[in-house]
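K.L.:
Pasting in a structure now, in structure tokens, and then I'll have a few things to ask.
The values are calculated or read from the model by the stated rules, or taken from the named source; none is laboratory data. Since this is a predicted model, take the numbers as computed values, not measurements. FYI the Cβ positions are ideal-geometry reconstructions off the backbone, even for glycines, and counts take in every protein chain you see.
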Amino acid sequence: MINNNSPIPKYVQISEHLKVKVDELYKEGKDKFLSDDELIKMFDVSRMTIRQAVQMLVDQGLLKRIQGRGTFIVRKDKLKTDIAKLNTFFKGWYLEKNFTVQLLFRGVVPCPEEVADKLGVSPGDDVYQVKRLRLSEDIPVVIDNRYLLKEYGEQISDDEYVQYSFSHIFLMKFGWVFSEGEIEIEAILANDEVAETLNVSTGSPILYRSVDLRVELYGCVLAGASFYRGDMYKYKSVLSSES
């Protein structure tokens, strides 16, 4: 079960086996996970190794430890967004029950080079940055990092940034409706900063999504990227043949 000659640490190998066990118990409707003593016997390794393996799954939001009671399964079905059309993309799961938003940062910053051309400004020009953390049932799931022109960003309040999606904000504040968007999605590994914010281990799988949103007559008014926990999020799109 464990390859002692592998360069992959034992606790990482064990954590992958434990994910399968979590799936099995979850499908059976069980909440309680195996105890450390049971896992030590199962894998014939030290208590420290087991604790490291279990902690990886705790960091990924699959398990939780309750002092005096043991380890429990907390995983739920992945959240998803339909990206077939703009209206379904914006509705997504933003209004889902038990969904909350924390404002991590808002303010004027020099425009990054990769965003400048999209917003029609020069690199280093003042733009407005908004960074938000989205949580589902108190589990951090997404870091949103957005850039918009300074004159618009400054008109939006903290409460509006927390309570509404950008599609709602731009409609309410400026009467704008996003007419077009471009999305790129790729798989990356969490760096230290992303891992700490999303409460996962460094190197955990992350869905990185860059997005540019445009308004007819005004062009691109919002650009940036999001970091999604790969173990809790997925995308959906309907494909059809051309007629």
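K.L.:
Are any of the residues in the stretch 26-35 surrounded by 15 or more Cβ atoms within 10 Å (Cβ to Cβ), among the hydrophobic types (A, V, I, L, M, F, W, C), at pLDDT 85 or above and within 30 Å of THR100 (Cβ to Cβ)? Give the derivation first.
P.N.:
Quick first cut of the stretch 26-35, residues surrounded by 15 or more Cβ atoms within 10 Å (Cβ to Cβ) only: 26, 33-34.
This time we only want the ones that are among the hydrophobic types (A, V, I, L, M, F, W, C), so: 33-34.
Applying the additional criterion that residues be at pLDDT 85 or above yields 33-34.
Still in the running and within 30 Å of THR100 (Cβ to Cβ): 33.
Within the stretch 26-35, one or more residues are surrounded by 15 or more Cβ atoms within 10 Å (Cβ to Cβ), among the hydrophobic types (A, V, I, L, M, F, W, C), at pLDDT 85 or above and within 30 Å of THR100 (Cβ to Cβ).
K.L.:
I'd like the full set of residues that are of a type in the set (Gly, Ala, Ser) and exposed (fewer than 14 other Cβ atoms within 10 Å of the Cβ), limited to the stretch 163-201. I'd like the intermediate steps shown before the answer.
P.N.:
Residues of the stretch 163-201 of a type in the set (Gly, Ala, Ser): 165, 167, 175, 179, 181, 187, 190, 195, 201.
Correct list: GLY175, SER179, ALA187.
K.L.:
Sticking with this structure for a sec: Could you give me the residue pairs with C-beta distances under 6 Å whose first residue belongs to the stretch 1-26 and is over 12 Å from LEU57 (Cα atoms), whose second residue is of a type in the set (S, T, N, Q) and surrounded by 12 or more Cβ atoms within 10 Å (Cβ to Cβ) wherever it lies, and which are 6+ apart or on separate chains?
P.N.:
Pairs found: ILE2/GLN13; LYS10/THR49.
K.L.:
Might you let me know whether the stretch 206-221 holds any residue that is farther than 25 Å from PHE99 by Cα, surrounded by fewer than 19 Cβ atoms within 10 Å (Cβ to Cβ) and among the charged types (D, E, K, R)?
P.N.:
Initially, the stretch 206-221 is screened for residues farther than 25 Å from PHE99 by Cα, giving 214-221.
If we keep only those that are surrounded by fewer than 19 Cβ atoms within 10 Å (Cβ to Cβ) too, we end up with 214-219.
Checking which are among the charged types (D, E, K, R) leaves us with 214, 216.
Among the residues of the stretch 206-221, at least one is farther than 25 Å from PHE99 by Cα, surrounded by fewer than 19 Cβ atoms within 10 Å (Cβ to Cβ) and among the charged types (D, E, K, R), which makes the answer yes.
K.L.:
Name the single residue, out of those in the stretch 183-207 being part of a strand (DSSP E or B) and among the charged types (D, E, K, R), that is nearest to PRO140 (Cα to Cα). So that I can check it myself, show each step before the final result.
P.N.:
Taking the stretch 183-207 first, the residues part of a strand (DSSP E or B) are 183-189, 205-207.
Next cut, among the charged types (D, E, K, R) only: 184, 186.
On the way: GLU184: 22, GLU186: 20 Å.
Looking at the filtered set, the residue picked out is GLU186.
K.L.:
Looking at (1) buried (at least 19 other Cβ atoms within 10 Å of the Cβ); (2) among the basic types (Lys, Arg); (3) assigned to a helix (DSSP H, G or I), find the lone condition where ARG146 falls short.
P.N.:
(3)
Yes/no matrix, rows are residues, columns are (1) over 26 Å from GLU113 (Cβ atoms); (2) modelled with pLDDT of 90 or more; (3) not basic (Lys, Arg):
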position	(1), (2), (3)
PHE174	yes, yes, yes
GLY203	yes, no, yes
ARG209	no, yes, no
GLY230	yes, no, yes
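K.L.:
If you don't mind, there's one more thing I want to ask. Going through GLU182, GLU186, GLU193 one at a time, which residue ends up being more than 23 Å from LEU104 (Cβ to Cβ) and either at pLDDT 90 or above or charged (D, E, K, R) (or both)?
P.N.:
Of the residues listed, the single one that is more than 23 Å from LEU104 (Cβ to Cβ) and either at pLDDT 90 or above or charged (D, E, K, R) (or both) is GLU182.
K.L.:
Only one of these conditions is not met by TYR208: (1) without any contact (Cβ under 8 Å) to a residue 24 or more places away in the chain; (2) out of contact with any Asp or Glu (no Cβ under 6 Å at 6 or more places or on another chain). Which number is it?
P.N.:
Condition (2) is where TYR208 drops out.
K.L.:
Still on this structure, I have one more. Hey, any hits in the stretch 115-138 for a residue that's farther than 27 Å from ILE206 by Cα, of a type in the set (A, V, I, L, M) and surrounded by fewer than 17 Cβ atoms within 10 Å (Cβ to Cβ)?
P.N.:
yes
K.L.:
If we scan the stretch 201-218, do we find a residue that is among the hydrophobic types (A, V, I, L, M, F, W, C), more than 18 Å from the chain's Cα centre (by Cα) and under 20 Å from VAL130 (Cα atoms)? Explain how you work it out, then say what you get.
P.N.:
The initial filter retains those residues of the stretch 201-218 that are among the hydrophobic types (A, V, I, L, M, F, W, C), namely 206-207, 211, 213, 215, 217.
Remaining after also requiring more than 18 Å from the chain's Cα centre (by Cα): 213, 215, 217.
Then drop every residue that is not under 20 Å from VAL130 (Cα atoms), which leaves 213, 215.
Yes; the residues of the stretch 201-218 include at least one that is among the hydrophobic types (A, V, I, L, M, F, W, C), more than 18 Å from the chain's Cα centre (by Cα) and under 20 Å from VAL130 (Cα atoms).
K.L.:
Within the group PHE227, PHE166, which residue is farther than 30 Å from GLN52 by Cα and among the hydrophobic types (A, V, I, L, M, F, W, C)?
P.N.:
Details: PHE227 fails: farther than 30 Å from GLN52 by Cα.
Sole residue among the options that is farther than 30 Å from GLN52 by Cα and among the hydrophobic types (A, V, I, L, M, F, W, C): PHE166.
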